[in-house]
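Structure first, then comments.
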Amino acid sequence: MPSWKQAKSIVCGIASSFVSRNNDVDGYWALGLICKVAAEQGHGAFALNLLTGESEPKLKFSSRIAEPYRNRLMSLLAEQGLDESEIESASISIQFPVEPTAKHQRAPRTWGEVYYCKIEVKNARGRGPSHSVAGWCGKHDASKEHRSTRRYAA
């Protein structure tokens, strides 16, 4: 019988991938775009429902961000023997800016502010794995960033 404990490593991988610079939207870092839009709309937080692709604050590209992570999450959970119907919710939430931890104060600063990202996957009983990551993120600025050659088709 598969266990939700086995899914912890999957959730860790999804969280690390989500904040990675390889997570881009039309060639720009997705986290930087999220940070910029949230700040412009006066939000210090962002929440993305991986199952529906909806976000708060609303972004025109939130479903494009959610889709590959939803597909990968479901595929990896299925490999562990967990059925998709067992998953009640899957979400990613980001807080920015937050107070730097001791680790952030020791680590060399890149640019931007400290963010905190948490992914949670829950079953009908409200139980399931979660994982948090933190790092530095600056608001998207096309004049300072290089655009990836990898781009989604419109």
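The values are calculated or read from the model by the stated rules, or taken from the named source; none is laboratory data. Note that the structure is predicted; figures quoted are calculated from it, not measured. Cβ coordinates were reconstructed from backbone atoms using ideal geometry, including for glycine residues, and neighbour counts include every protein chain displayed.
Is it true that some residue in region 23-38 is modelled with pLDDT of 95 or more, more than 19 Å from residue 134 (Cβ to Cβ) and assigned to a loop (DSSP other than H, G, I, E, B)? No, there is no match, as no residue in region 23-38 is modelled with pLDDT of 95 or more, more than 19 Å from residue 134 (Cβ to Cβ) and assigned to a loop (DSSP other than H, G, I, E, B).
Rundown of residues vs (1) assigned to a loop (DSSP other than H, G, I, E, B); (2) buried (at least 17 other Cβ atoms within 10 Å of the Cβ); (3) at positive phi; (4) at pLDDT 90 or above, yes/no style:
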residue: 68; (1), (2), (3), (4): no, no, no, yes
residue: 72; (1), (2), (3), (4): no, no, no, yes
residue: 119; (1), (2), (3), (4): no, yes, no, yes
residue: 128; (1), (2), (3), (4): yes, yes, yes, yes
residue: 146; (1), (2), (3), (4): yes, no, no, no
residue: 153; (1), (2), (3), (4): yes, no, no, no
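Name, by its number, the condition in (1) part of a helix (DSSP H, G or I); (2) closer than 27 Å to residue 128 by Cα that does not hold for residue 58. It is condition (1) that residue 58 fails.
Looking at the structure I just gave you, is residue 7 surrounded by 16 or more Cβ atoms within 10 Å (Cβ to Cβ) and free of Cβ contacts under 8 Å to residues at least 60 places away in the same chain? In short, no.
Within region 74-117, being at pLDDT 90 or above, in a loop (DSSP other than H, G, I, E, B) and among the polar types (S, T, N, Q) holds for no residue.
Every condition in (1) in a loop (DSSP other than H, G, I, E, B); (2) among the small types (Gly, Ala, Ser); (3) in contact (Cβ under 8 Å) with a residue 60 or more places away in the chain is met by residue 53 except one, and the failing one is (3).
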